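The values are calculated or read from the model by the stated rules, or taken from the named source; none is laboratory data. In this text the structure is predicted, and so the values were computed from the model without any measurement. No Cβ is skipped: glycine too gets one built from the backbone with ideal geometry, and neighbour counts run over all protein chains shown. Note: areas computed on protein heavy atoms with side chains; ligands, DNA, RNA excluded. Shrake-Rupley method; radii C 1.70, N 1.55, O 1.52, S 1.80 Å.
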Amino acid sequence: MPVSRRTFLKFTAGAVSCSAFTGLGISLAPAMAQAEILKFQKTTITTTVCCYCAVGCGLLVHTADEGKGRSVNVEGDPDHPVNEGALCAKGAAMRQMAENKARPPKPMYRAAGAKEWKEVEWDWAYAEIAKRVKAERDASFTLKNSKGETVNRTETMVSLGSAALDNEECWSYQAIQRALGLVHIEHQARI
Amino acid sequence: MGKMMFIDLTRCTACRGCQVACKQWKSLPGEATRNTGTHQNPPDLSFNTLKLVRFSEPKVDGKLHWLFFPDACRHCLEPPCMGQANLDDEGAVIQDEATGAVIFTDKIANADAEAVRTACPYDIPRPEKDGKMSSKCDFCIDRISNGMKPSCVHVCPTGCMNFGTEEEMRALAKTRLEEVKKHYPQATLGNDDVRVMYLFAVDPKNYSYNAVAEAAPTGPMTRREVFASLAGKPKA
């Protein structure tokens, strides 16, 4: 049976602790030997698709089994037919989508006319968005156009994005938009 | 026999995936930089930037070329940095028997960082800013001793970076040289006493000051002086 590269990795992960200390010609200081142990020992591998562009490269996400269960490494999936393990500079930095101190952990809100952004709760943000969408939709909904033809649409709202959505998610998303009566719907739906 | 990397520069598009993958795998921090008029960013290798794609725009035979050079440790078969550093502390630099990787250990802190850097024919090792350590590429020893490719090779989307046994890579280098000669008559292979072999489309000195060991300019400036002048280039 041919061994896929991923199976091979699982195999080798078990052998790491042995080979790490015998791989070098001379004995290493403990700190150095530690560095030789692969960082994704004791991790769970999940596949995903890069959200950045239309190519749709496959990725492997290594999530720590211990501690806070955060991702410790993200790299190209060698078994994925699109990229066969390769990635561009943006894709190679994918781990920072999740593990990044520079990203705000909560939604940020700047009230109309306010100068400062403030941190808000997700529940409040969702409710606020829903409230405003409904108010705008109710105010702008048009039943008939100037010729008296039935249109049932709202033209004061547009939808743009999101590149991180896949085909199926996009379908649900546009279905909601159309139910609201939006006609200006655009998306980078290429993956 | 050991392992080897073959970098086919005729296939490099300077996407810099290798540069980012290196940072990513090693969890090295980014650097605050500013626009210096080139995509080469950060402007030089550093303690935290072990792999850097260098950009150059030379005129070769009256024609402008935009050349890209993924630069990192060459893992010399007989590393001068090892000879130099181990004078200060035996074991500061080691060479892995199985792969041939040249690795700085913690004991590198006991070696003269400036002397180690000067000993390198390719000007690769970089000292820590506020410390005694030096760093450079370690051939992803953790990955390659577990049957994986180095991070930079794994990520490469164009087939520019290749990794395998010394035998495989030397054979590939020979084949590719013959192929690219049809399009680039000046094509040539870089130094072969190292574990990172390059294929250049034009004269290597057009790529970078440290592309090959003989690339030292013959003018009144020494290689180190040239480098110092580059590093201190006034901000655009």
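Hey, which aspartates and glutamates would be in cross-link range of B:Lys63, C-alpha to C-alpha under 15 Å, not counting anything within fewer than 8 residues on its own chain? B:Lys63 reaches B:Asp203.
Quick check on my link table: of A:Lys90/B:Lys23; B:Lys3/B:Lys51; A:Lys90/B:Lys149; B:Lys136/B:Lys205; A:Lys106/B:Lys23; B:Lys23/B:Lys205, which ones sit more than 24 Å apart, alpha carbon to alpha carbon? It would help to have the intermediate numbers written out before the result.
Working: A:Lys90/B:Lys23 12 Å; B:Lys3/B:Lys51 18 Å; A:Lys90/B:Lys149 20 Å; B:Lys136/B:Lys205 22 Å; A:Lys106/B:Lys23 27 Å; B:Lys23/B:Lys205 27 Å.
As for pairs spanning more than 24 Å Cα to Cα, those are A:Lys106/B:Lys23; B:Lys23/B:Lys205.
Solvent exposure of the protein assembly as shown, expressed per residue, is 55 Å² of accessible area, with all protein chains present and a 1.4 angstrom probe. Here the contact order of chain B, divided by its residue count and restricted to Cα pairs under 8 Å and six or more residues apart, works out to 27 percent.
So which trypsin sites (Lys or Arg not before Pro) in segment B:1-78 end up in coil per DSSP with only 15 or fewer other C-beta atoms within 10 Å? Write out the running numbers ahead of the final one.
Numbers: sites: B:Lys3, B:Arg11, B:Arg16, B:Lys23, B:Lys26, B:Arg34, B:Lys51, B:Arg54, B:Lys59, B:Lys63, B:Arg74; in loops: B:Arg16, B:Arg34, B:Lys51, B:Arg74.
The qualifying sites are B:Arg34.
Here the 3J(HN,Hα) profile of segment B:184-200, calculated from phi with Karplus coefficients 6.51, -1.76 and 1.60 at θ = phi - 60°, is 10, x, 8, 3, 8, 8, x, 4, 10, 9, 9, 9, 10, 9, 9, 10, 9 Hz, Gly and Pro shown as x.
Rounded to the nearest 20 debye, the dipole size of segment A:145-191 about its Cα centre is 180 debye, using +1 on the Cβ of Lys and Arg and -1 on the Cβ of Asp and Glu. Roughly to the nearest percent, how much of the accessible area of segment A:130-190 is carbon and sulfur, given a 1.4 Å probe? Taking all protein chains in place, segment A:130-190 shows 55 percent carbon and sulfur surface.
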